[in-house]
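What follows is one structure encoded as structure tokens, with my remarks underneath.
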Amino acid sequence: MLTSKKRPRDDSTHTEKIKETDCSTSDPILTHDPWIDLHQGSFVGYWRNALGAETHHLLLERLLTQVAWQQRDVNIMGKRIPQPRFVAYFALNPETQGTYEYTGLALAPSHMSDIPGLLELKELAQNFAGLTSEEEQFNSCLVNLYRSGADHVGWHTDNEKLYDANPTIASLSLGTRRSFILRNKTDHATKYKFLLGDGDLLVMKGTVQQYWQHCIVKMTGKKAAEIGPRINLTFRRVKNPGAAGEVHNNSKQLS
Ligand SMILES: O=C(O)CCC(=O)C(=O)O
């Protein structure tokens, strides 16, 4: 049985709103409400250490050793290149949910019950995200392993037609904290930075995938090689399995 903290309060030291024009100054969000209103119907919920230390360490070790990690090639600007991270994909009903496809890569799902605790994590993510009805609940999980600071994911939106146009996505991060940045699609200077790891949970809700992009920043230099691994699990609801590979609008995904 996995344990978790119950809806811990936001900790502003790990969240900041930044302006691209002056990244050295921060404008901390001083609020105890875990939900941040990004306007235009976009909301982000942030819970620090949502899992608690013991569960966090157990899960990190289990996922590092038990997941069949793959490093796959993707198409970037006409070239086939290895993704700068390892990935795995799980579904509640692999037989009917089909593949997850992006940038020329198709991932076939394994069953969520293959990894002990994954179904309980799904429940926990649903509770934090406030998903009560069965039709809203998550049925898939994309998992990323960032081996060092050099591994990353480029600017993108999770706007595949597999999901609703305005999907709720819960993102659980284990291991080393890394910079996760959300930027407004039309005003790239408006950004929010979260340092995500250590059992933190972030939920994107409403129109976030329409109006915002996100990334995990690539680190360089000695520090990039020195930091430990980070695993991120994003729980999503596949609604249209037949639409694998299509996107809701034509904004390009870079990964
Ligand atoms: O690692 C993260 O926090 C982000 C992962 C992500 O953006 C994705 O899987 O779409």
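The values are calculated or read from the model by the stated rules, or taken from the named source; none is laboratory data. What you see is a predicted model; the values in this text were computed from it and never measured. Because the Cβ atoms are built from the backbone with ideal geometry, glycine has one as well, and the counts that use them run over all protein chains shown.
Side notes on the structure shown:
- Checking L172 against (1) assigned to a helix (DSSP H, G or I); (2) within 11 Å of the ligand (Cβ to nearest atom); (3) of a type outside the set (K, R), the condition it does not meet: (1)
- Among the residues making up region 110-132, a single one is within 19 Å of W69 (Cα to Cα) and touching a Ser or Thr at 6+ places or on another chain (Cβ under 7 Å): L119.
- Whether a residue is at pLDDT 95 or above and within 11 Å of the ligand (Cβ to nearest atom) was assessed, and R177 passes this test.
- Residue that is surrounded by the fewest Cβ atoms within 10 Å (Cβ to Cβ) [pool: residues in region 176-197 that are closer than 16 Å to L145 by Cβ and under 14 Å from the mean Cα position of the chain (by Cα)]: R177
- Residue tally, condition modelled with pLDDT of 95 or more and surrounded by 15 or more Cβ atoms within 10 Å (Cβ to Cβ), over region 84-114: 13
- Considering (1) touching a residue at least 60 places away in the same chain (Cβ under 8 Å); (2) out of contact with any Ser or Thr (no Cβ under 9 Å at 6 or more places or on another chain); (3) within 13 Å of the ligand (Cβ to nearest atom), the lone condition that K191 does not fulfil carries the number (3).
- Reported count of residues in region 126-169, each being buried (at least 22 other Cβ atoms within 10 Å of the Cβ), farther than 24 Å from K191 by Cα and more than 11 Å from the ligand (Cβ to nearest atom), is 3.
- Look at region 207-235: where a residue is under 19 Å from P167 (Cβ atoms) and more than 12 Å from the ligand (Cβ to nearest atom) and a partner is not basic (K, R) and not in a strand (DSSP E or B), sitting 6+ places away or on another chain with Cβ atoms under 6 Å, you get T207/Q40; T207/G41; T207/N166; Y211/Q40.
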